[in-house]
Amino acid sequence: MVPRNNFRGQRRLESRIDETVRIASIAQKGMTTGRSSYVEMRALDRLTSHNIKTKVHAIKKSLKLNSKLEDLVSKISQAMSESYTKVLTPNGIVRGKELDRLLSIDADIVICLGMIESELNSLKISDLIDTMEELIEERKKLIDSLRA
């Protein structure tokens with residue numbers, strides 16, 4: 001017999017996987033057709049932000065943060081707010097290059113977070129922190145340019 005708590009956790013995980021697949025499908029459709037809606041892009045924002053914040057939370061729990069890493073972790077959370085909706089024009093047309101670039105930056109951020117998590121006791125972490133700061137700054141500049 002499977003414990004009840006494990007079943008709930010598994011259902012929640014399956015739900016998140018289903019949502020991820022649905023959001024990936026929406027993003028792919030938007031890139032293919034060149035159109036999307038704010039509701040769809042907000043869902044992409046929500047999922048991306050949740051996944052990155054979950055990784056950040058895991059890093060915070062698993063180590064004593066030095067001040068530079070602590071600053072970086074707080075910058076990541078702030079940088080993840082409402083960005084995918086900015087790649088839409090007012091009439092729902094997806095700015096393909098900007099969406100692709102934003103997805104690429106976010107993928108790089110996730111990779112760096114994973115590397116930070118695995119290299120916590122290594123001296124290489126300062127290089128990863130510098131790379132992550134550059135990615136966050138690049139992401140902010142991209143989002144700011146979309147607002148204009």
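Overview of values
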{"read-out": "Restricting the range 72-119 to residues that are over 16 Å from the mean Cα position of the chain (by Cα) and at pLDDT below 80, the residue that is nearest to residue 53 (Cα to Cα)", "value": "118"}
{"read-out": "Number of the condition not met by residue 9 [criteria: (1) small (Gly, Ala, Ser); (2) at pLDDT 75 or above; (3) open to solvent by less than 40 Å² (accessible area, probe 1.4 Å)]", "value": "(2)"}
{"read-out": "Any hit, the range 63-77, residues being closer than 22 Å to residue 19 by Cα and either open to solvent by 60 Å² or more (accessible area, probe 1.4 Å) or in contact (Cβ under 8 Å) with a residue 12 or more places away in the chain (or both)", "value": "yes"}
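The values are calculated or read from the model by the stated rules, or taken from the named source; none is laboratory data. Everything quoted here is computed from the prediction, not taken from an experiment. Please note: Cβ atoms are built from the backbone with ideal geometry, for glycine as well, and neighbour counts cover all protein chains shown. SASA here: full protein model, heavy atoms, side chains in, ligands and nucleic acids out. Shrake-Rupley method; radii C 1.70, N 1.55, O 1.52, S 1.80 Å.
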